[in-house]
1. Where residues in region 25-77 are outside any helix (DSSP H, G or I) and touching a residue at least 12 places away in the same chain (Cβ under 8 Å), which of them is farthest from PHE511 (Cα to Cα)?
2. Looking only at region 479-511, count how many residues are in contact (Cβ under 8 Å) with a residue 24 or more places away in the chain and polar (S, T, N, Q).
3. Which is aromatic (Phe, Trp, Tyr) and within 20 Å of the chain's Cα centre (by Cα), of PHE538, PHE487, PHE511?
4. Could you tell me which of the residues ALA527, ALA505, ALA517 is at pLDDT 85 or above and surrounded by fewer than 14 Cβ atoms within 10 Å (Cβ to Cβ)?
5. Just the residues that are touching a residue at least 24 places away in the same chain (Cβ under 8 Å) and within 13 Å of PHE434 (Cα to Cα), please, taken from region 390-406.
6. Would you confirm, using the coordinates I've provided, whether GLU356 is under 19 Å from GLY256 (Cβ atoms) and either outside any helix (DSSP H, G or I) or among the aromatic types (Phe, Trp, Tyr) (or both)?
7. From the list LEU404, LEU412, LEU400, LEU447, exactly one residue is modelled with pLDDT of 90 or more and either on the phi < 0 side of the Ramachandran plot or surrounded by fewer than 20 Cβ atoms within 10 Å (Cβ to Cβ) (or both). Which is it?
8. Which count do you get for residues in region 306-329 that are without any contact (Cβ under 8 Å) to a residue 40 or more places away in the chain and either outside the structural domain of LEU352 (by TED's automatic domain parsing) or more than 30 Å from ILE185 (Cα to Cα) (or both)?
Amino acid sequence: MLNNFFVFVFRVICDDGSSGGSSSNVSDFLCRNNIFLFLHAILSHFELTEEQIFSPEDLYLCQDIGKVFRTLSELSHTPKVLKSGVGGFPRKDCSGDKLLKRLKSEKGNYEELEKQICSQDLLYSDSFGQGQGGNSNKIRGQESMYFNEDIYQTIFPPKQPRLSLADISSFATGAGKRNKRKAPIEELLSTEDKYLENLIMVRDVFREKLSLMSSEDKKLVFFLLDDLILLHSDLLFGLKKDQQAKPTKDFDGQIGRVFLNHMPRITHLYSGYCVHLPTAMSHLEHLLESGNLSSSIKKQVQECQAEAHPSTFPLSSHLVIPFQRFLKYHLLLQEILKRTAEDHPDYLNLQLAREEMVKAGAIVNEKKREQEECDEQDRQDESDMRLILSVSSNIKLMKLENGLNLLDYGRLRKTGDIVSYTDSGRSGDYAFLFDLMIVLCHKPKWLQHRYRFREAIKIRDHYLEPLPPPYQSSQPSSSEVYVLRLFSRMEPRRVTLTLVCRSMAEREVWFEALLLAMDTINPSENAKQGHVVQLLTFAEPTDCFQCGKVLQGRFFQGYRCLRCQACLHKKCLSDCACLEVGLHPLKKTNSLMLPTALPDSLERSNSTLSLVNTSSESQNKRHSQIRETVQELQINAIREQENLPLQQQPWYAGLLDVKTATIRLENLPVGTFLIRVRNCGQYALMLKCQGEKPKGTVKSMKIEEEDLELEEEHGKQKVFYLSQARKFASLAKLVSFYRHRDLTENFNYQVLRGVNLKFPYKNI
């Protein structure tokens with residue numbers, strides 16, 4: 001136990017914060033806090049006095065390492081240590097052979113101690129008497145399990161069809177491909193039948209009979225099982241029905257058409273299943289190894305396994321089968337395609353079905369990769385949030401506006417010793433830099449582990465001057481002073497905060513950290529796009545307006561434009577123009593480091609969405625007012641744009657042929673569009689979509705027009721539409737409607753799914 005304690009305190013002192021997911025810029029606080037923890041432990045449990053121990057500065061700043069070793073020497077001779085039998089530091093000076101002999105005798109002890117240190121998980125302390133460690137919950141051998149095809153080959157043994165003499169002779173007459181096509185079709189049908197049987201077996205033998213599993217546990221482990229059974233029941237029924245309906249003796253069905261009909265369900269279900277599979281496997285492992293009923297559940301699972309077929313494989317292997325089966329479909333379709341003549345009615349459908357299955361595989365892989373990134377970001381954010389809560393608990397007398405807490409001000413970017421001066425004089429000798437705010441404190445005195453709050457300054461209200469040269473104090477014997485200055489953007493050239501650093505290198509580190517914080521508030525990627533962005537915590541899962549991917553993380557996942565309401569990744573800001581930029585011009589600023597000014601009609605927001613204080617009445621009222629104002633601005637902007645003459649619309653291209661329009665759009669972002677006049681005088685909508693090509697694809701859609709009969713006193717009105725389902729009084733109203741809705745209600749194109757009219761081509 002004593003040995004473990006020494007391992008613990010050694011790791012605590014040496015921990016630089018990397019175990020908690022924090023960068024080296026915030027290791028200062030963690031190291032100091034861990035030293036306090038160590039000193040507190042030896043005072044409380046090892047009967048040392050304050051005179052016998054070193055100060056935190058002696059170790060952290062290497063002011064007196066000799067005193068650190070003297071403290072460790074005194075610690076090694078306390079009764080608790082001596083009782084353990086571990087030899088302490090020498091009381092008297094040793095020299096010559098005695099010293100060499102002692103070092104050799106103790107070498108084994110130190111090597112063993114080092115092994116224990118390296119083998120144990122790094123412990124991160126966030127407060128006195130409390131420790132937290134990270135646990136990644138990785139599935140051992142997961143990747144190898146996914147691609148271990150033993151169970152798949154057992155259930156679906158490959159067939160080696162033999163050709164008869166009649167089959168061989170048929171190649172000379174041109175019917176060879178038709179005869180050869182039967183074998184892969186039969187293999188597809190037989191394996192599909194066995195696959196459906198296996199899914200039903202997993203449901204009936206495992207899920208239904210595992211009575212010790214709760215319904216919530218079963219939902220996690222047997223995810224989408226019922227939906228998969230229903231899908232493959234329909235697919236197998238469609239395949240068999242197709243094979244039974246043969247109009248001629250040479251016609252053997254349209255396998256490709258059947259797959260195309262079920263392709264949307266296949267893509268949807270398997271993307272969800274494959275992304276969830278690691279979670280299901282991890283949860284199953286937890287139930288079998290460390291749950292409250294692990295031994296009972298494990299026994300019950302073994303009983304079910306004995307009843308299952310094949311009984312030689314565990315439940316986890318059966319859960320992987322759908323993933324493996326999904327990866328086989330494009331190969332099975334490819335085999336049928338190779339044996340299908342080009343003039344066969346099914347040839348084109350098979351080509352499309354195989355291509356769609358390959359695309360579905362790419363979608364699944366992309367979603368799986370995104371999920372892994374999300375999980376990693378969640379773990380990082382959890383660590384960052386624990387760190388921020390630890391900082392908050394170690395600052396006394398902290399006063400923040402409107403009842404907010406430190407989680408409302410972004411990630412912690414840097415901590416450390418730094419002398420600060422404000423209008424009121426000296427404001428502290430320690431600083432915590434967050435994305436949105438810098439907190440100034442006084443360092444703890446001696447063993448008082450809590451920092452004393454002095455002041456908090458918002459980063460967004462200031463800009464940073466370039467690094468000035470070192471200042472020489474008026475005192476003749478004084479050294480150079482390295483300073484940073486924050487200027488108020490409300491009052492020109494007014495210095496709000498002066499930060500004094502100990503060295504040029506330290507000043508540069510603080511300068512870079514402040515620049516990063518300012519770039520987080522007002523990203524440089526947004527310089528030319530016109531958004532008025534606000535860094536936000538999104539309480540619900542939210543997709544990026546530009547790339548369509550989820551905004552990852554637990555807090556401060558991305559940005560929202562207060563003008564067009566687009567939610568965006570930081571990296572996507574440079575590729576997405578604000579839809580309302582022409583209606584509400586930006587105020588010009590005198591520095592690229594200045595945050596973008598808000599429109600005068602918008603209330604200045606003092607905070608973002610808090611994870612902790614979301615029920616605050618004042619905060620909710622403020623957000624409600626902002627939303628109402630933004631919605632009103634949006635409605636007015638849409639109306640103003642709809643009333644513009646056709647020639648002034650940013651999406652109107654005039655008379656233009658389809659080839660030229662395609663060239664104009666193919667290098668622009670997905671969602672860019674224009675409306676052109678065709679040679680016949682009718683209108684056509686051109687939209688940049690995602691597609692097989694690296695640059696995507698451009699779709700052309702004809703806009704129909706007709707005169708709608710009104711009441712007698714009103715006569716006729718011209719209407720425009722893409723399909724009869726929805727008609728509009730003008731082209732502008734049609735565009736406004738599909739700015740927030742995709743076009744799949746009019747056209748059954750896969751490339752149009754999830755793509756709306758985002759960017760008029762003249763604005764890009």
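1. First, pick out the residues of region 25-77 that are outside any helix (DSSP H, G or I): 46-49, 53-55, 61-64, 77.
Right, trim to touching a residue at least 12 places away in the same chain (Cβ under 8 Å) and you get 46-48, 53-55, 77.
Values: PHE46: 43, GLU47: 44, LEU48: 42, ILE53: 36, PHE54: 33, SER55: 30, HIS77: 47 Å.
Among those residues, the one meeting the criterion is HIS77.
2. Number satisfying all stated conditions: 3.
3. Details: PHE487 fails: within 20 Å of the chain's Cα centre (by Cα); PHE511 fails: within 20 Å of the chain's Cα centre (by Cα).
Testing whether each residue is aromatic (Phe, Trp, Tyr) and within 20 Å of the chain's Cα centre (by Cα) leaves just PHE538.
4. On the way: ALA527 fails: at pLDDT 85 or above; ALA517 fails: surrounded by fewer than 14 Cβ atoms within 10 Å (Cβ to Cβ).
So the residue among ALA527, ALA505, ALA517 that is at pLDDT 85 or above and surrounded by fewer than 14 Cβ atoms within 10 Å (Cβ to Cβ) is ALA505.
5. Of region 390-406, the ones touching a residue at least 24 places away in the same chain (Cβ under 8 Å) are 390-391, 393-406.
Once the filter is applied, which keeps residues that are touching a residue at least 24 places away in the same chain (Cβ under 8 Å) and within 13 Å of PHE434 (Cα to Cα), region 390-406 yields VAL391, ASN405, LEU406.
6. On the way: under 19 Å from GLY256 (Cβ atoms): yes; either outside any helix (DSSP H, G or I) or among the aromatic types (Phe, Trp, Tyr) (or both): no.
It is false that GLU356 is under 19 Å from GLY256 (Cβ atoms) and either outside any helix (DSSP H, G or I) or among the aromatic types (Phe, Trp, Tyr) (or both).
7. That would be LEU412, the only listed residue that is modelled with pLDDT of 90 or more and either on the phi < 0 side of the Ramachandran plot or surrounded by fewer than 20 Cβ atoms within 10 Å (Cβ to Cβ) (or both).
8. The total comes to 2.
The values are calculated or read from the model by the stated rules, or taken from the named source; none is laboratory data. Computed from a predicted structure; not experimentally measured. Counting neighbours? That spans all protein chains shown, and the Cβs are built from the backbone with ideal geometry, glycine included.
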